[in-house]
Each structure stands twice: as C-alpha cells, then as structure tokens.
Amino acid sequence: MTATTSDIDKAAGVLRAGGLVAFPTETVYGLGADAEDPAAVTRVFQVKGRPPTHPLIVHIAGVEHLSDWAEDVPATALLLAERFWPGPLTLVLRRGRRVPLATTGGLETMAVRVPGHPVALALLSAFGGGVAAPSANRFGSVSPTTAGHVRAELGDAVDFLLDGGPCEVGVESTIVDATGDVPRVLRPGGVTREDLQEVLGRPLAVHSTSQVRVPGRHPSHYAPRAQVVLVEPGTVIAEAERAQDLGRQVGVLVPPSFADAAVKAHAVVTVPGSPADYARRLYGFLREFDQQGCDLIVASLPVEEGLGLAIANRLRRAAGPRPAE
Ligand code: TXA
Ligand code: MG
C-alpha cells in the first residue's frame, strides 16, 4: 500500500522529533534521519550496525537547495545535478557548515542527491530539511527494494516505515566524486556511465574500490547469507549442478542465453534479458535464495555496459574479495 499524505506528515514529524523513518526511493529503501541532528544520525549507524566512519548520503528536495548544503559547487557538478536530479545520481562535494561531521563520517566532503520517487520527494518537502539516509539494511547485507524487505530486516528498530511499492531502479545511485577538476565514479549505479559521459562530453573513470574495508570483518557487501560464486556464463549450469551433487543447496542465476535449459539445483532463476529488469529484481532474487535456504549462489557477470556495470559491481562485492586480495 502506498503512503498517504497523512503518513507523510507523520513521518516528517518523526524526523523532526529525532526519529528514524524508512522511506522508498527510486533505487532502494533508505533509513532516514534529520541530516542536521547528530544524535539521530548516530542512531542510524547503530541500527544498521555500520561503522561511524562510513558517511551517509544527504537527500534534499531539489537542485535549487544544493547551495544550502554543499560549498564551492563546481560548474560540472551543477550540470550533472540539473540533468539527472531527481534521479539515481549522488554527488560528492565539499560539506557545507550545516552538515555535521557525524553525517559525513568525519569527512570535509559530503554526498548529496535528490531522489526520484514521489513519496521521498513528498517527505522531503513536508520535512523541509535534509534527510541523511543509507540503504535500510544491516551493514554488509542486501539493500531492500520493498517495504516488506525493510520490515523483515529492521522491524521495530525503525520508528516509521513509508511504503512506496517496489523500487523502480533496484540498485543504488551512481556516486560521482565532483570535488576535483575531473569528476570520477566512486560507485556505479542507476545512472549509467555512458549517460554521464554524454553530458560531460568526455570519458569518465570508475574508481569503485575506494570504499573502506575493515580487515577481517565484513569481507563482502551487498551480500546475501549464502556464499556467492561467479563463473563464466557458459559454465554456470555445470558449476551449479556439480555443487548441488556435492550436497550444497544451490541457487542459480541462469544467464538469459541459457533460459530454456533444465537445471538440477535447489532454486533456479532465469536472469531477465533486459539490464533494467535485471537491476530492478537483482536484490529480490538474492533475498529469495536466502529464504529458500540456499547456501551457495552460482552466477555470472553480465556485460559491463549500461546498467550491467552496476549489476556486475554488486555481484562482485557480494562474492567478496578473491582469496588473493
Ligand atoms: O541509492 C542510494 O544511494 C541509496 C538511497 C537510499 O539513496 N543510498 C545508499 O546509501 O546506497 P549507502 O549509505 O548504503 O551508501 C552510501 C555510499 C557509501 O558507500 C559511502 O561510502 C558513500 O556513499 N559516501 C558518502 N559520503 C561520501 C563522501 N563524502 N565521499 C565518498 N563517498 C561517500
Ligand atoms: Mg548500502
């Protein structure tokens, strides 16, 4: 059921009182707090079990508010904001004074975006301020793309949950570091590199390994409980069946070109042929495998262009570091 105006007013009141509101965005559900309230933001980190050095994204109601939050916004950043907001693009910029260090994980930079979901936008205008929100899941696990996922994972730890239906995009926003002379991608996501390059008129580097990794703990991210192994598309079925024969409970993501094959595994999903459909459903598939009791997921990487780049990034991170790393 989609949130009503009265739900949105209640949620804005919860934010004003320092509480936590889970809300839909076009990418994934967020766990929101008043971005200017260090105590509320600290609770977000506690509920997620996330180290306080991992900065949050500040969600704002429109590009016209950007200069209230960030300082020294370069012309290229403004160009990207005007072209892609509301939408799945996050910009890293210099932190404005109203953004507390609790929100930025102690950094002098901040991440900011205008989400492209009507419920998120209504919440932001009813609240009137910025909402700091990571994805509404426990640290390291799969991001939620329905209100049901949030309820199952965070339950009573959230003060209010706004339901906006299933998320359209399904993977998180693209994060672009726009603090330097040359923008670069820190995390591939819902806005494709190709679309960014077209607007910028030049190639864009992807540096998606910049995220902090705590040695020994949380070896993977965006990860289901089941172990994820990545193999070549042509060997997915054979690998899945081999592991199943060895006694594993295997979930398999069958590449679209093998859609009609019969596969002997615990749970079988054929990957949608369209990258947009695959991105929208990826996290749901991973959660479903966990629910069905799979202990191993066998998958291959899609072609790394368009949304395929973000899907491949999430599957790699879910699989965790290779033994040599
Ligand atoms: O689509 C999304 O971006 C979702 C929805 C809820 O908006 N949010 C999301 O938040 O994915 P989270 O917290 O799961 O991921 C935020 C990422 C983190 O990897 C963090 O390291 C990065 O943004 N980040 C935040 N501030 C940063 C900064 N100042 N410099 C570099 N990276 C930053
Ligand atoms: Mg997250």
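Compute the normalised compactness of the chain: alpha-carbon radius of gyration over 2.2 N^0.38 Å, N being the residue count. Please report the intermediate quantities before stating the final value.
Working: Rg = 19.5 Å, N = 325, 2.2 N^0.38 = 19.8 Å.
That works out to 0.99 for the chain.
Would you mind calculating the relative contact order of region 105-205 from Cα pairs under 8 angstrom and at least 6 residues apart, reporting the percent as a whole number?
15
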* What residues of region 164-179 lie in the reach of a label at Glu82, counting those whose backbone N is under 19 Å from a point 7 Å from the Cα along Cα→Cβ? -> 178-179
* Asked: Roughly what angle does helix 75-84 make with the longest principal axis of the chain, taking Cα atoms, 0 to 90 degrees, to the nearest 10?
  -> 60
* To do: Sketch the reach of a paramagnetic label on Glu108 as a point 7 Å from Cα along Cα-to-Cβ, and name the residues of region 78-102 whose backbone nitrogen lies under 20 Å away.
  => 91-102
* Asked: For region 122-137, list residues with backbone N below 19 Å from a point placed 7 Å from the Cα of Gln291 toward its Cβ?
  -> 136-137
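Once you have a ≥ b ≥ c as the square roots of the Cα gyration tensor eigenvalues for region 13-134, tell me rounded if a/c is under 1.5, and otherwise prolate or oblate according to whether a/b is larger than b/c.
Numbers: a/c = 1.65, a/b = 1.21, b/c = 1.37.
Oblate is the answer for region 13-134, as a/c is 1.5 or above yet b/c matches or exceeds a/b.
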* **Simple spin-label estimate for Ala276 and Gln197 in nanometres, 7 Å along Cα-Cβ** => 2.1
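Before I look further, what does the chain give for accessible area per residue, probe 1.4 Å, in whole square angstrom?
Numbers: 14030 Å² over 325 residues.
Spelled out: the 1.4 Å probe surface of the chain, per residue, equals 43 Å².
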* Coordinate range along principal axes, alpha carbons of region 155-301, Å, largest first -> 54, 42, 36
* **Antiparallel bridge percentage (DSSP; both residues within the chain; nearest 5)** => 45
* Structure fact -> Listed residues Ala276, Ala299, Ala262; largest mean-square fluctuation, Gaussian network over the chain with Cα springs below 10 Å, found at Ala262
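Can you tell me the length gained on complete extension of the stretch Leu101 to Asp72, counting 0.36 nm per residue apart and subtracting the Cα distance? Before the final figure, lay out each step's value.
Working: separation 29, 0.36 × 29 = 10.44 nm, distance 1.78 nm.
Taking Leu101 through Asp72 to full extension adds about 8.7 nm, to one decimal.
Given Cα positions, please report Rg to Rh for region 74-204, the hydrodynamic radius being the Kirkwood one.
Details: Rg = 15.5 Å, Rh = 16.1 Å.
Over the Cα atoms of region 74-204, Rg/Rh equals 0.97.
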* To do: Note down the nm distance, to one decimal, between modelled labels 7 Å out along Cα→Cβ at Glu232 and at His207.
  => 3.4
* Burial order of peptide ranges 289-296, 40-47 (average beta-carbon count within 10 Å, highest first) -> 40-47, 289-296
* **Sequence-separation-based contact order of the chain, relative, with Cα cut under 8 Å and 6+ spacing, percent** => 19
* Structure fact -> Scalar couplings 3J(HN,Hα) for region 291-307 by Karplus 6.51 cos²θ - 1.76 cosθ + 1.60 (θ = phi - 60°), nearest whole Hz, x for Gly and Pro, are 4, 7, x, 5, 10, 8, 10, 9, 8, 10, 8, x, 4, 8, 9, x, 5
* What is the spin-label model distance, in nm, from Glu241 to Lys264 if the labels are put 7 Å beyond Cα along the C-beta direction? -> 0.7
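The values are calculated or read from the model by the stated rules, or taken from the named source; none is laboratory data. Remember, predicted model here, so these are calculated numbers, not experimental data. A quick note on method: Cβ atoms are made from the backbone with ideal geometry, for glycine too, and the neighbour counts reach across all protein chains shown. Side chains are part of the model used for accessible areas, which takes the heavy atoms of the whole protein and leaves out ligands, DNA and RNA. Shrake-Rupley method; radii C 1.70, N 1.55, O 1.52, S 1.80 Å.
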